[in-house]
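Following: one structure in structure tokens, then a few remarks.
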Amino acid sequence: MIKNISAIEVFDSRGEPTVEAKIETEAGEFRAIVPSGASTGKHEAVELRDNEKAYFGKGVGKAVTNINLEISKMLVGKDETNQRELDQLMIDLDGTENKSRLGANAILAVSMALARAGAGSKGIPLYAYIGELAKNKRMNLPCPALNIINGGMHAANELDIQEYMILPVGAKSFKEAMRIASEIYHMLKRIIEQRYGKNATNVGDEGGFAPPLKNPEEPLRLIMKALDKTGYLDKVKIGLDIAASEFYCDGKYNFQSKELEKEELFNFYKSIIEKYPILSIEDPFEEDDFEGFSEMTRKTKGIQIVGDDLLVTNIERIKKAITMKSCNTLLLKLNQIGTVSESIEAANIAFSAGWNVMVSHRSGDSEDSFIADFAVGIGAQEIKSGAPCRSERLAKYNQLIRIENEEEKNKGKIKFYSL
Ligand code: PGA
Ligand code: ZN
């Protein structure tokens with residue numbers, strides 16, 4: 001039974017305030033911290049900010065108060081293992097389409113802490129509990145997509161493409177995937193330093209390097225060199241998050257200081273797909289262009305087209321994208337939708353359409369490793385949590401290493417997913 005629910009304002013990896021919820025039950029105390037995006041989709045659930053003097057408007061005092069008063073009053077005394085029912089109670093209590101009254105940050109913090117409390121009261125690991133909630137019989141360790149060069153909203157450089165990721169698809173285990181990624185990351189650092197000097201090795205919000213480059217192909221060339229020098233060319237594929245909404249304006253894409261038509265941008269994608277081992281492209285066009293995404297998916301066979309800002313983990317938008325064949329992979333961010341139950345439902349709908357699911361961190365994240373267990377529990381094929389650098393990024397990868405280690409020790413069934 002839930003004895004108490006409370007919340008405090010803590011800080012995310014960018015030093016901005018965010019919400020931490022705490023739930024007390026007979027089994028102990030369970031906490032969760034919500035992350036926060038920078039290149040947010042306009043259809044995401046609402047992150048409630050105070051818009052007052054403190055923290056230049058970014059305080060989350062109201063969201064904290066909503067937990068301490070309204071949410072706590074409603075949920076104290078209830079059974080913490082009724083995740084779905086309690087998530088629904090919070091959705092109803094909020095009463096808006098986009099969780100703007102109580103704040104998706106308030107609701108999600110409690111929802112995540114509830115899942116931990118539920119796992120705690122059953123005495124099972126969080127990933128196993130998520131697996132039960134998802135009714136998932138096939139858990140696995142996801143393949144990591146590590147963002148090793150940062151651009152867009154996540155870096156103070158002029159790269160329009162937001163994320164250049166490596167996916168160690170040839171690894172046999174999660175641990176091996178991380179070793180490959182770490183070696184490439186450190187080799188890339190040397191290459192960038194030799195070519196552009198020490199200053200160019202500073203990192204962006206997600207721990208990837210943020211060299212002062214402009215040409216969108218140069219990061220691909222640098223990564224290829226790092227793959228070559230580490231001997232991993234046959235084990236690693238490349239993923240991109242274009243985050244195209246961020247440079248879209250009035251029907252045109254402001255890319256590389258030029259105003260591009262959609263077709264021109266598509267031709268650029270086609271040219272890099274031909275030259276580099278690209279496996280995955282996220283948000284190639286602006287966030288309402290379901291048609292453009294369909295065309296992209298149709299014309300780039302074998303490439304993973306990932307919907308992030310397009311889908312915002314929203315069940316209605318995912319269904320529309322399935323009908324229109326707009327993509328073949330769901331980027332899943334819990335705070336885009338605001339409860340654990342709805343996130344599980346979103347994943348299950350994507351799986352049943354034959355899509356892959358890539359669970360994702362946010363650019364403003366924290367030491368909370370919830371998404372690692374979540375990804376294993378739902379059986380996500382992939383997870384993106386930034387570079388193998390900075391502890392808010394490694395918190396997730398380290399948790400996956402722990403889960404894999406325990407599974408190996410106990411001769412469990414959960415294995416690394418080979419993409
Ligand atoms: P965000 O970026 O967390 O800043 O929204 C991540 C992404 O676009 O995938
Ligand atoms: Zn994205």
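The values are calculated or read from the model by the stated rules, or taken from the named source; none is laboratory data. The shown structure was predicted, so the numbers you read here are calculated from the model rather than taken from an experiment. Neighbour counts are summed over all protein chains in view; Cβ atoms, including those assigned to glycine, are modelled from backbone coordinates with ideal geometry. Note: accessible area is taken over every heavy atom of the protein model, side chains too, but ligands, DNA and RNA are not part of it. Shrake-Rupley method; radii C 1.70, N 1.55, O 1.52, S 1.80 Å.
Miscellaneous remarks
- In the stretch 3-14, residue nearest to the chain's Cα centre (by Cα) [restricted to those that are surrounded by fewer than 20 Cβ atoms within 10 Å (Cβ to Cβ) and farther than 16 Å from Asp50 by Cα]: Arg14
- Residue within the stretch 308-326 that is within 12 Å of ligand 1 (Cβ to nearest atom), under 15 Å from the mean Cα position of the chain (by Cα) and not in a loop (DSSP other than H, G, I, E, B) present: no
- Residue in the stretch 292-305 that is within 16 Å of ligand 2 (Cβ to nearest atom), part of a strand (DSSP E or B) and either touching a residue at least 40 places away in the same chain (Cβ under 8 Å) or not aliphatic (A, V, I, L, M) (or both) present: yes
- Residues in the stretch 346-370 that are within 16 Å of ligand 1 (Cβ to nearest atom), in contact with a helix residue (DSSP H, G or I) (Cβ under 6 Å, 6 or more places away or on another chain) and over 29 Å from Lys301 (Cα atoms): 4 in all.
Each row is one residue, and each column tells you yes or no for (1) over 18 Å from Ala347 (Cβ atoms); (2) more than 16 Å from ligand 2 (Cβ to nearest atom); (3) outside the structural domain of Thr40 (by TED's automatic domain parsing).
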position: Ile91; (1), (2), (3): no, yes, no
position: Gly95; (1), (2), (3): yes, yes, no
position: Asn147; (1), (2), (3): yes, no, yes
position: Met165; (1), (2), (3): yes, no, yes
position: Glu183; (1), (2), (3): yes, yes, yes
position: Ile191; (1), (2), (3): yes, yes, yes
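- Members of the stretch 82-103 found to be within 24 Å of Glu132 (Cα to Cα) and open to solvent by less than 10 Å² (accessible area, probe 1.4 Å), listed by number: Gln83, Leu86, Asp87, Met90
- Within the stretch 26-77, being open to solvent by 70 Å² or more (accessible area, probe 1.4 Å), in a loop (DSSP other than H, G, I, E, B) and over 23 Å from Glu367 (Cβ atoms) holds for Glu26, Lys42, Asn51, Glu52, Lys53.
- Every residue from the stretch 147-166 that is open to solvent by less than 10 Å² (accessible area, probe 1.4 Å) and away from ligand 1 (no atom under 13 Å from the Cβ): Ile148, Ile149, Leu159, Ile166
- Residues considered: Gly131, Gly123. Of these, the only one that is buried (at least 18 other Cβ atoms within 10 Å of the Cβ) and at pLDDT 95 or above is Gly131.
- Within the stretch 395-419, no residue that is over 22 Å from Ser360 (Cβ atoms) and assigned by TED's automatic domain parsing to the domain that holds Pro144 sits with its Cβ atom under 8 Å from a residue that is aliphatic (A, V, I, L, M) and exposed (fewer than 15 other Cβ atoms within 10 Å of the Cβ) at 6+ positions apart or across chains.
- Residue within the stretch 167-179 that is at negative phi and within 16 Å of ligand 1 (Cβ to nearest atom) present: yes
Listed here are the residues, each with its yes/no results for (1) away from ligand 2 (no atom under 16 Å from the Cβ); (2) surrounded by fewer than 22 Cβ atoms within 10 Å (Cβ to Cβ).
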site: Ile318; (1), (2): no, no
site: Thr329; (1), (2): no, no
site: Val359; (1), (2): no, no
site: Asp365; (1), (2): no, no
site: Phe370; (1), (2): yes, no
site: Glu382; (1), (2): no, no
site: Ser385; (1), (2): no, no
site: Asn398; (1), (2): yes, yes
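- Any chance Gln336 is within 20 Å of Val46 (Cα to Cα) and either within 16 Å of ligand 2 (Cβ to nearest atom) or not assigned by TED's automatic domain parsing to the domain that holds Ser280 (or both): yes
- The set of residues from the stretch 11-26 being closer than 17 Å to Gly103 by Cβ and touching a helix residue (DSSP H, G or I) at 6+ places or on another chain (Cβ under 6 Å) comprises Pro17, Val19, Ala21.
- Matching residues, the stretch 160-215, being in a helix (DSSP H, G or I) and of a type in the set (Lys, Arg): Lys175, Arg179, Lys189, Arg190, Arg195, Lys198
- Scanning the stretch 250-291 for residues that are open to solvent by 20 Å² or more (accessible area, probe 1.4 Å), more than 16 Å from ligand 2 (Cβ to nearest atom), more than 19 Å from Glu218 (Cβ to Cβ) and touching a residue at least 24 places away in the same chain (Cβ under 8 Å) returns Lys262, Phe266, Glu291.
- Single match in Ala38, Ala32 (criterion: closer than 30 Å to Asp283 by Cβ, within 20 Å of the chain's Cα centre (by Cα) and more than 16 Å from ligand 1 (Cβ to nearest atom)): Ala32
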